[in-house]
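Presented below is the structure to which this report refers.
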Amino acid sequence: MQLPLEVTFRGMDHSDAIEADVRRQAEKLERRFGRIMSCRVVVEAPHRHNRKGRLYRVSVDLKIPGHEIAVTNAGPENHAHEDMHVAIRDVFDAARRRLQDFARKNQGSVKTKDVPLHGKIVRLFADEGYGFIGASDGGEVYFHRNAVADGDFEDLRMDDEVRFVVVEREGENGVQASTVKPIGKRHLVDRA
């Protein structure tokens, strides 16, 4: 973390054991998601006038580049949270899930339907086993012989029309197609 972990106690005295538990949980998060800039944790004891068991409240506020994630265990009564360590574990588990969701969305690995794009083969290196597609948006997309489906790489020619699906992350040759399917002109529909 860029900033040191902050642990605040409310309605209760400071506890080295509880702070150690919070630090352990925060270190686990940082090992898994190294881009955490800061982490603030508030551990709060319930008001003493509660008639039922004392449910502890723990909140975690994480700052990561361009985003803030705040999690608390406040919600429906969970009597397991009468144990401070369980309350801490549960709120950090929730924070971990939120970080995982954020990371998946940020990396583009949230499932979306792959819509095949359309283009023409503009460069073909048959001996090396790769080529480039001129996409309908004007860009070029690299493809390898292993990406060709519904046909053989050897059958491809310059200006052949293809449909293709782009890989989520760029490769060393730029934008890359994971699947390339040759199509004939009869399959195209003009949508002008």
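The values are calculated or read from the model by the stated rules, or taken from the named source; none is laboratory data. Computed from a prediction, not measured in an experiment: that's the story for all the values here. Heads up, the Cβs are rebuilt from the backbone with ideal geometry, glycines too, and the neighbour counts pull from every protein chain shown.
When the test is whether a residue is touching a Leu at 6+ places or on another chain (Cβ under 8 Å), surrounded by 11 or more Cβ atoms within 10 Å (Cβ to Cβ) and at pLDDT below 85, Glu170 does not pass it. Only one entry of Glu128, Glu154, Glu68 meets the criterion of being assigned to a strand (DSSP E or B), at pLDDT 80 or above and either under 27 Å from the mean Cα position of the chain (by Cα) or not small (Gly, Ala, Ser) (or both), and that entry is Glu68.
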